[in-house]
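Presented below is the structure to which this report refers.
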2 protein chains.
Amino acid sequence: MNVRPASLHQRILDDISGRILSGAWPPGHRIPFEHELTEEYGCSRMTVNKALSELARTGLIERRRRSGSYVTRPRSQAAVLEIHDIRTEVEALGLPYRYQLVTREKRAVSDTESETSGLPEDIKVVALECQHFAGKQPFCLEERLINLAAVPDAASETFAEIAPGPWLIGHVPWSAAEHTIRAVAADARAAKALGIPRGAACLIVERRTWSADEPVTFVRLTYAGESHALVARFAPQR
Amino acid sequence: MNVRPASLHQRILDDISGRILSGAWPPGHRIPFEHELTEEYGCSRMTVNKALSELARTGLIERRRRSGSYVTRPRSQAAVLEIHDIRTEVEALGLPYRYQLVTREKRAVSDTESETSGLPEDIKVVALECQHFAGKQPFCLEERLINLAAVPDAASETFAEIAPGPWLIGHVPWSAAEHTIRAVAADARAAKALGIPRGAACLIVERRTWSADEPVTFVRLTYAGESHALVARFAPQR
DNA sequence: TTGATCTTTATGTATAGACATATTAGAACG
DNA sequence: CGTTCTAATATGTCTATACATAAAGATCAA
């Protein structure tokens, strides 16, 4: 177990979440009032409150004034998907990573692109096509649009040496993102770029990124079907 | 904006996360000490501490004793993937939902199943194969193993009327889950069940579920490629 | 120079008390 | 009987204070 004695509010939190996760306290069950826990643990209300507030923030319990705190009913499975840098993914496989720029052009967003990317039509972008290799094998095809209004520096970057993903992380602050994940059959371009037959299953991850409500970039990553899986974990605590 | 005046610690939290998200405070930047914020906001240290502790818990800042608090460098994009009940997904498309049990047997976990599912070998399970329909079209193929040691009630449930997903939510407490998402070519069984040609691209979502460290269930959901996409959102704060 | 020890400092945890606020059960009233 | 008001109560927020603890820096000794 824990050699280092956990803090008191952490112990309270662990005790309660343990009872919920084990099913001893089913959804809807009213957990003891703060003043009851105060007595049970011989501590002040602030300490109990810290534990319960945290449980409420993570969604394990729900608090109602004047009424008490209740175990929540799990609704939808909310899983946390960690989306890593491609270099990191490749190196985690123990393979040498190589990046290669295929095309780069500065132009306006086309009609159809606007539709798939969610970027407004006619804005100026840098359009990139890149390949990521794991060893000799192509690992991922990247098609990207970068909004020059949001990231003017992108105009003077060639992206010959550095991949746009890591470059953007250094040039744009934290941002909101939306990911769409789906399976498609490889079209001619993807088949050629990934060295797979046309029609083979591919995993596509599309990401739209905003910073301060302004669209920053749209990227479509295409992985050869069997070569890549996304993993998402859900654990109510820690 | 907010009509209801936010609490003070929430305002402090919003101010700081705003400065981080806008890029005003880049990764690595040391944010003011607690005693400085105490003066700036004219409040007690506990209030500032509550805001900073929460920012640290969500990973936006990192706290170092004797040194201060620092804006963290975004490592990987962590996106929240909402995985809904299949009925909900289908009805969100405006289509009538239908569930159908295909096979149900009680048996031990096989060698190969143990490998893919992560369930220990030789434990007793209920093995199910089910279909979910959106209108007339097959929408999703579900293959599931339920650990009878963890969920003894599953032995006496036929699953003819209710799908195992919703049934389990009512019979198992809060749990941890791991999702794996990938694209594969449809094998013969999937092609038949989904009404698509062999080799067509399919999206596979596999979920392993535990409750209190005991494996509960393994499920593989196979969607016809174009018919389904997963969406994950990332917003660092609220 | 190196290593051990002390000091300082910012965060980590906890307390006891205070007042605010939402909500509900019950009382009073029409 | 339904409605309105009131009092009770659990949570929400905040303060002022206290001591613990980890770690950076300074000091001193080998």
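A:Leu93 fails exactly one of the following numbered conditions: (1) at pLDDT 95 or above; (2) under 22 Å from the mean Cα position of the chain (by Cα); (3) over 13 Å from A:Arg220 (Cβ atoms); (4) not small (Gly, Ala, Ser). What is the number of that condition?
(1)
Assess whether B:Ala154 counts as being in a loop (DSSP other than H, G, I, E, B) and out of contact with any Asp or Glu (no Cβ under 8 Å at 6 or more places or on another chain).
Taking the combined requirement at face value, the residue does not satisfy it.
Looking at the stretch A:59-88, I want the residues that are free of Cβ contacts under 8 Å to residues at least 12 places away in the same chain and have a partner that is among the hydroxyl-bearing types (Ser, Thr, Tyr) and away from DNA strand D (no atom under 14 Å from the Cβ) with Cβ atoms under 8 Å, at least 6 apart or on another chain. Which pairs are those?
Partner pairs satisfying both residue conditions: A:Ser76/B:Thr88; A:His84/B:Ser76; A:Thr88/B:Ser76.
Mind counting the residues in the stretch A:28-52 that are more than 11 Å from DNA strand C (Cβ to nearest atom), buried (at least 17 other Cβ atoms within 10 Å of the Cβ) and within 13 Å of another protein chain (Cβ to nearest Cβ)?
The total comes to 0.
What's the number of the only condition in (1) within 12 Å of DNA strand D (Cβ to nearest atom); (2) in a loop (DSSP other than H, G, I, E, B); (3) of a type outside the set (Ser, Thr, Tyr) that B:Leu37 fails to meet?
That leaves (2) as the condition not met.
Which one of A:Phe159, A:Phe234, A:Phe218 is more than 24 Å from B:His228 (Cα to Cα) and either at pLDDT 95 or above or within 9 Å of chain B (Cβ to nearest Cβ) (or both)?
After ruling out the rest, the residue left standing is A:Phe159.
For the stretch A:65-89, enumerate the residues that are at the interface with chain B (Cβ under 7 Å from one of its Cβ atoms) and among the polar types (S, T, N, Q).
Listed by number, the residues that qualify are A:Ser76, A:Gln77.
Of the residues that make up the stretch B:53-64, is at least one touching a Gly at 6+ places or on another chain (Cβ under 7 Å) and within 14 Å of DNA strand D (Cβ to nearest atom)?
Within the stretch B:53-64, not a single residue is touching a Gly at 6+ places or on another chain (Cβ under 7 Å) and within 14 Å of DNA strand D (Cβ to nearest atom).
Would you check which residues across the stretch A:120-137 are under 12 Å from A:Tyr97 (Cβ atoms) and part of a strand (DSSP E or B) and list them?
A:Gln131, A:His132, A:Phe133, A:Ala134, A:Gln137
The values are calculated or read from the model by the stated rules, or taken from the named source; none is laboratory data. Treat the numbers as computed from the prediction; the structure is a model and nothing was measured. All Cβ positions, glycine included, derive from the backbone under ideal geometry; neighbour counts span all protein chains shown.
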